[in-house]
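Just below is one structure, and these are the notes that go with it.
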There are 2 protein chains.
Amino acid sequence: METTDLFEKCLGCRYMVALMRRIGEGTARPGQLERALEDISAKVLSERLKRLVEYRIVEKTAFPEIPPRVEYRLTTFGQRLLEIVDEVEQLHNKASKQADGLL
Amino acid sequence: METTDLFEKCLGCRYMVALMRRIGEGTARPGQLERALEDISAKVLSERLKRLVEYRIVEKTAFPEIPPRVEYRLTTFGQRLLEIVDEVEQLHNKASKQADGLL
DNA sequence: CGGAATCCAAGAAGATACTG
DNA sequence: CAGTATCTTCTTGGATTCCG
């Protein structure tokens, strides 16, 4: 599992950053996440969650209940990653503002 | 131009991180970059470079010569971005190693 | 409810040819 | 040499259905 993959498969795909943010805010269950993301389909949400688990950005807990309940939360790595994403966002905003001033 | 785009359009696309790295190392001309990236097509390379310029990660200089010569280099923002990418890489490696130890 | 399988539409990437 | 346009191929996302 190379790190380039981390960018292509986890950060670069549609919904991924938004999804990480919701989970970071405490939205833990797939149903809630599907509503929170607004226009994501259940299928794509599943795929994304699965991938976030693979890359250890998110941890999954399944409760053996009827009906089934599942919860996702950020790993320590996931939390750091999200912080870095925010850092990039700020950097990007600053750079854009500067550039606009120059035009 | 939102920041989510930055991830989806610049970091998440194939070749992008590798391309930024080569430019950061001083490989400046399209022809060289095409050879350095090994299996990227000229068309896709063009598209990527264009996008990196749009997002102000890279700056383009065209010399009015025959035959034409063009050079690309990282902006200040691009350099910072690449540093952060490296940071994520290290973090990811560390997290993976830890996880392997636990299995 | 959570998730996997299927089928279909949309977008990204590869190959090639052409212009300045 | 650098860059655009076109055509084809493949990967990704969306809608639906079914199972535990």
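Taking the criterion of being hydroxyl-bearing (Ser, Thr, Tyr) and either within 13 Å of DNA strand D (Cβ to nearest atom) or in contact (Cβ under 8 Å) with a residue 60 or more places away in the chain (or both), the residues of the stretch B:26-62 that qualify are B:27, B:41, B:46, B:61.
Each row is one residue, and each column tells you yes or no for (1) within 29 Å of residue B:2 (Cβ to Cβ); (2) at pLDDT below 95; (3) of a type outside the set (Ser, Thr, Tyr).
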{"site": "B:26", "(1), (2), (3)": "no, no, yes"}
{"site": "B:31", "(1), (2), (3)": "no, no, yes"}
{"site": "B:37", "(1), (2), (3)": "yes, yes, yes"}
{"site": "B:52", "(1), (2), (3)": "yes, no, yes"}
{"site": "B:80", "(1), (2), (3)": "yes, no, yes"}
{"site": "B:95", "(1), (2), (3)": "yes, yes, yes"}
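Residues of the stretch B:1-25 that are hydroxyl-bearing (Ser, Thr, Tyr), within 16 Å of DNA strand D (Cβ to nearest atom) and either surrounded by fewer than 18 Cβ atoms within 10 Å (Cβ to Cβ) or within 16 Å of residue A:81 (Cβ to Cβ) (or both): B:4 alone. A single member of B:97, B:50, B:43 is exposed (fewer than 13 other Cβ atoms within 10 Å of the Cβ) and under 12 Å from the mean Cα position of the chain (by Cα), and it is B:50.
The values are calculated or read from the model by the stated rules, or taken from the named source; none is laboratory data. Quick caveat: nothing in here was measured; it's all calculated off a predicted structure. Heads up, the Cβs are rebuilt from the backbone with ideal geometry, glycines too, and the neighbour counts pull from every protein chain shown.
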